[in-house]
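> Questions regarding the structure given below will be posed in turn.
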Amino acid sequence: MGKAIIEEFSFLLLIAVVGLAVFGTSKANAEIKSCDLFEGSWIFDNSYPLYNSTACPFIRKEFNCIKFGRSNLEYLKYKWQPTGCALPRFDGKDFLTRFKGKKIMYVGDSLSLNNFESLLCLLNAAVPDAKFNQEIYKENVTVTFLDYGVQVVLFHSNLLVDIEIEPMGRVLKLDSIKNGQIWKEFDLLIFNTWLWYSTRGPQQPWDFIEVGGKISKDMDRVEAFRAGLNTWAKWVETDVDTNKTKVSFQGASPAHYHGSDWGEPNVNNCLNETTPVNGSTYPSGLPVAVEIVKEVLSNISKPVFLLDITKLSQLRKDGHPSKYNAFKGMDCTHWCLAGVPDTWNQIFYGSLI
């Protein structure tokens, strides 16, 4: 009789513990869902970074700051703290389990590459012994985590819309997206563009712009961005089955070449920056791309998640490679890995659970 009572008590205790765990998880998830993950500040946390960059096999020479001589490593120790909730730590095993057998694609420019490699490093750190296969074709990269059947792809597209070679030269076609036939076959899409719309001079990747059936040598770049993004939005509306494919848009990533933007007018780049901007506001405000992205996304009837990383990244003037890259050029546009893009993926993960 006594044994039966003990066994029953143990069973009830187990049920209570499991119930509390489930309730706690559900409460935490509900808190995240109701929280603005993009409002907050950076706080020092000695448990960071989320991985050791020297152990990650995916980091390109553009972003491998420690390998190329960066010795001040305080930038690795900052954690993003949303104002209204606790951001869950990235769980790579859980991520791979959730997306078992699925295909994930980052579509965009070199800032998509930055984000893509961050995710690969986070996943590799979680399952360091897992087998993977990497294929590189021109500027596109496919990494498959074989034990989980998870495919993570970078599809290089600076502008999302097409550039075609014609007798007159390279024509930026703001009304055309031909690669969408490839993209829509994926289970999770993370898009990004903006940087190359404002590029001028020898690096500009087109000679003419075509929109609305008219070809011109140039046009207002903000309006070109708006037109290109509207074409992408129409493609989402007409071509993407969002019951199968989740769509996200990675917000504009800020550069730090002008100290006046963060209250230091005598500073001309990010070279000697070692700490984030204090607090949760950035003196120069948001770039125009942010407003356009939000406006365009608001007109899409299908669900599109905005990874709204602009303001939180503006606060991280300390997170760029500066001269610590293979090319020794001053890079205050991209981000060191480990570093700020890990937080982008941490927030993205938080939005999924």
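The values are calculated or read from the model by the stated rules, or taken from the named source; none is laboratory data. All values reported here derive from a predicted model rather than from experimental measurement. Glycine also receives a Cβ, built like all others from the backbone with ideal geometry; neighbour counts cover every protein chain displayed. The protein model used for the area step is the full one, side chains on, heavy atoms only, and it has no ligands, DNA or RNA in it. Shrake-Rupley method; radii C 1.70, N 1.55, O 1.52, S 1.80 Å.
> Residues to consider are Val171, Val161, Val150; find the one that is without any contact (Cβ under 8 Å) to a residue 60 or more places away in the chain, open to solvent by less than 50 Å² (accessible area, probe 1.4 Å) and touching a Leu at 6+ places or on another chain (Cβ under 6 Å).
From the options Val171, Val161, Val150, the qualifying one is Val150.
> Can you find, within the stretch 67-123, the residue that is farthest from Thr144 (Cα to Cα) among those that are among the hydroxyl-bearing types (Ser, Thr, Tyr) and outside any helix (DSSP H, G or I)? If you could, list the steps in order and put the result at the bottom.
Going residue by residue through the stretch 67-123, those that are among the hydroxyl-bearing types (Ser, Thr, Tyr) are 71, 75, 78, 83, 97, 106, 110, 112, 118.
Next, from what is left, pick out any that are outside any helix (DSSP H, G or I): 71, 78, 83, 106.
On the way: Ser71: 33, Tyr78: 30, Thr83: 36, Tyr106: 14 Å.
Out of the qualifying residues, it is Thr83.
> Whether any residue in the stretch 199-206 is in a loop (DSSP other than H, G, I, E, B), in contact (Cβ under 8 Å) with a residue 12 or more places away in the chain and hydrophobic (A, V, I, L, M, F, W, C) is what I want to check.
Yes, that holds for at least one residue.
> OK, next. For Ile209, state whether it is open to solvent by 60 Å² or more (accessible area, probe 1.4 Å), modelled with pLDDT of 95 or more and in contact with a strand residue (DSSP E or B) (Cβ under 6 Å, 6 or more places away or on another chain).
Working: open to solvent by 60 Å² or more (accessible area, probe 1.4 Å): no; modelled with pLDDT of 95 or more: yes; in contact with a strand residue (DSSP E or B) (Cβ under 6 Å, 6 or more places away or on another chain): yes.
Answer is no for this residue.
> Where residues in the stretch 55-113 are more than 30 Å from Thr281 (Cα to Cα) and without any contact (Cβ under 8 Å) to a residue 60 or more places away in the chain, which of them is most open to solvent (accessible area, probe 1.4 Å)?
Residue satisfying both the conditions and the ranking: Lys67.
> What about Leu159, is it assigned to a loop (DSSP other than H, G, I, E, B) and at pLDDT 95 or above? Break it down into steps so the answer makes sense when it comes.
Numbers: assigned to a loop (DSSP other than H, G, I, E, B): yes; at pLDDT 95 or above: yes.
In short, yes.
> Determine whether the stretch 175-196 contains at least one residue that is at pLDDT 95 or above, open to solvent by 60 Å² or more (accessible area, probe 1.4 Å), over 25 Å from Phe44 (Cα atoms) and in contact with a helix residue (DSSP H, G or I) (Cβ under 7 Å, 6 or more places away or on another chain).
Pass one, the stretch 175-196, residues at pLDDT 95 or above: 175-196.
Subset that is open to solvent by 60 Å² or more (accessible area, probe 1.4 Å): 175, 178, 181-182, 185.
Then keep just the ones that are over 25 Å from Phe44 (Cα atoms); that gives 175, 178, 181-182, 185.
Now drop any that are not in contact with a helix residue (DSSP H, G or I) (Cβ under 7 Å, 6 or more places away or on another chain), which leaves 175.
Taking every residue of the stretch 175-196 in turn, at least one turns out to be at pLDDT 95 or above, open to solvent by 60 Å² or more (accessible area, probe 1.4 Å), over 25 Å from Phe44 (Cα atoms) and in contact with a helix residue (DSSP H, G or I) (Cβ under 7 Å, 6 or more places away or on another chain).
> Go through the stretch 303-346 and give me each residue that's touching a Leu at 6+ places or on another chain (Cβ under 8 Å), assigned to a strand (DSSP E or B) and either among the acidic types (Asp, Glu) or open to solvent by less than 10 Å² (accessible area, probe 1.4 Å) (or both).
Selection gives Ser322 alone.
> Which residue out of Glu139, Glu117 is in contact (Cβ under 8 Å) with a residue 12 or more places away in the chain, out of contact with any Phe, Trp or Tyr (no Cβ under 6 Å at 6 or more places or on another chain), acidic (Asp, Glu) and closer than 30 Å to Leu195 by Cα? Lay out the reasoning, then the answer.
Values: Glu117 fails: out of contact with any Phe, Trp or Tyr (no Cβ under 6 Å at 6 or more places or on another chain).
That would be Glu139, the only listed residue that is in contact (Cβ under 8 Å) with a residue 12 or more places away in the chain, out of contact with any Phe, Trp or Tyr (no Cβ under 6 Å at 6 or more places or on another chain), acidic (Asp, Glu) and closer than 30 Å to Leu195 by Cα.
> Which of the residues spanning the stretch 30-53 are modelled with pLDDT of 95 or more, polar (S, T, N, Q) and open to solvent by 40 Å² or more (accessible area, probe 1.4 Å)?
Asn46, Ser47, Asn52
> Quick check on this structure: which one of Val293, Val277 is part of a loop (DSSP other than H, G, I, E, B), surrounded by 16 or more Cβ atoms within 10 Å (Cβ to Cβ) and in contact (Cβ under 8 Å) with a residue 24 or more places away in the chain?
Details: Val293 fails: part of a loop (DSSP other than H, G, I, E, B).
Answer to the selection: Val277.
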